[in-house]
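The next block holds one structure in the form of structure tokens; read it before the comments.
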Amino acid sequence: MATVVFFHAHPDDECILTGGTMAQLAAAGNRVVLIVATRGELGEVAAGFLAEGETLGQRRSREQEAAAAVLGVSRLEFLGYVDSGMMGEATNDAADCFWQADIDEAASRLAAILTDEAASVLVVYDDHGGYGHPDHIQVHRVGVRAAELAGTAEVYEATIDRDRVIRMLRDNPRAEGVPDITEDSDFGVGASEVTTRTEVGSYVTAKRQAMRCHRSQIPDDAFWLTMPDEQFQVAFSEEQYIHRGAPAGARESALQLG
């Protein structure tokens with residue numbers, strides 16, 4: 001069995017992008033490790049949601065622990081940086097935010113875990129972080145460098161097949177809460193760039209259950225949770241990746257575990 005490390009930016013990113021894959025790998029007996037760069041301190045939360053004296057970072061950390069348990073994660077670690085906020089916000093300049101982190105210093109923290117775990121595979125994000133969030137871009141940069149430092153040969157970039165999403169939206173034009181996405185959007189990648197498509201239809205229930213753990217960011221009325229079960233099954237039955245170093249035209253049905 002293999003050890004697969006998933007490196008994500010904020011609590012809840014793991015279930016949205018890779019939850020099915022994580023649950024599938026864990027169910028097959030592999031060791032799944034989740035590293036989260038920040039505690040999501042700058043996420044939005046409804047007024048009155050937090051308890052008196054509770055910070056959003058504290059709440060999201062507990063939500064992450066619950067979601068990790070649902071997905072079968074064997075080890076959860078936070079890398080120790082602070083949420084940078086959306087691109088262009090003043091919070092991007094905070095000295096302790098992930099966007100400002102020294103790449104080699106942050107990569108060394110991650111590499112130490114990769115080495116300790118003798119990781120076979122590292123999962124990060126594509127080079128623009130899926131949609132341009134600074135912390136997601138930094139996950140890519142730091143993750144790629146950490147793999148070099150630790151000698152982790154297999155690196156996958158979690159991404160979204162933009163063309164697939166567009167097709168689904170055209171088939172369901174009344175979908176509520178979904179941003180407008182076109183071929184020119186800075187969202188995911190074109191279908192031709194995807195090397196690896198994992199079929200996770202048997203694990204979408206676990207994926208959705210993990211989403212429900214992140215109530216501060218995914219409330220009960222979020223479109224992720226209000227979609228009819230059959231629509232959710234179709235939309236999230238596949239998770240997409242770019243296998244770094246794979247030959248041109250590679251088409252994989254699962255992460256290669258070495």
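The values are calculated or read from the model by the stated rules, or taken from the named source; none is laboratory data. Predicted, not measured: the structure shown is a model, and the values here were computed from it. So basically every Cβ, Gly included, is an ideal-geometry build from the backbone, and we count neighbours across all protein chains shown. In case anyone asks, the SASA skips ligands and DNA or RNA and just uses the protein heavy atoms, side chains included. Shrake-Rupley method; radii C 1.70, N 1.55, O 1.52, S 1.80 Å.
Open to solvent by 50 Å² or more (accessible area, probe 1.4 Å) and basic (Lys, Arg): is that true of Arg170 in this structure?
yes
With the requirement that a residue be among the small types (Gly, Ala, Ser) and either within 13 Å of the chain's Cα centre (by Cα) or at negative phi (or both), what does the range 94-139 give you? It would help to see each step written out before you state the result.
Going through the range 94-139, the residues among the small types (Gly, Ala, Ser) turn out to be 94-95, 101, 106-108, 111-112, 118-120, 129-130, 132.
The answer is Ala94, Ala95, Ala101, Ala106, Ala107, Ser108, Ala111, Ala112, Ala119, Ser120, Gly129, Gly130.
Could you look through the range 226-258, keep only residues that are in contact (Cβ under 8 Å) with a residue 60 or more places away in the chain and assigned to a helix (DSSP H, G or I), and pick out the one that is farthest from Cys15 (Cα to Cα)?
Only one residue fits best here, namely Val234.
Could you check how many residues of the range 18-35 are surrounded by fewer than 24 Cβ atoms within 10 Å (Cβ to Cβ), in a helix (DSSP H, G or I) and in contact with a Ser or Thr (Cβ under 8 Å, 6 or more places away or on another chain)?
Residues flagged as surrounded by fewer than 24 Cβ atoms within 10 Å (Cβ to Cβ), in a helix (DSSP H, G or I) and in contact with a Ser or Thr (Cβ under 8 Å, 6 or more places away or on another chain) within the range 18-35 amount to 1.
Mind checking which residues of the range 92-124 are within 26 Å of Arg59 (Cα to Cα) and either open to solvent by 50 Å² or more (accessible area, probe 1.4 Å) or part of a strand (DSSP E or B) (or both)?
Asp93, Ala95, Asp96, Cys97, Trp99, Gln100, Arg109, Val123, Val124
In the list Gly88, Gly80, Gly130, which residue meets the criterion of being small (Gly, Ala, Ser), loosely packed, with under 15 Cβ neighbours inside 10 Å and assigned to a loop (DSSP other than H, G, I, E, B)?
Details: Gly80 fails: assigned to a loop (DSSP other than H, G, I, E, B); Gly130 fails: loosely packed, with under 15 Cβ neighbours inside 10 Å.
Going through Gly88, Gly80, Gly130 in turn, just one is small (Gly, Ala, Ser), loosely packed, with under 15 Cβ neighbours inside 10 Å and assigned to a loop (DSSP other than H, G, I, E, B): Gly88.
Within the range 40-53, can one find any residue that is open to solvent by less than 10 Å² (accessible area, probe 1.4 Å) and either closer than 17 Å to Gly129 by Cα or touching a residue at least 12 places away in the same chain (Cβ under 8 Å) (or both)? Even if it seems obvious, please write down each step before you answer.
Going through the range 40-53, the residues open to solvent by less than 10 Å² (accessible area, probe 1.4 Å) turn out to be 40.
Of the ones still in play, those that are also either closer than 17 Å to Gly129 by Cα or touching a residue at least 12 places away in the same chain (Cβ under 8 Å) (or both) are 40.
Scanning the range 40-53 turns up at least one residue that is open to solvent by less than 10 Å² (accessible area, probe 1.4 Å) and either closer than 17 Å to Gly129 by Cα or touching a residue at least 12 places away in the same chain (Cβ under 8 Å) (or both).
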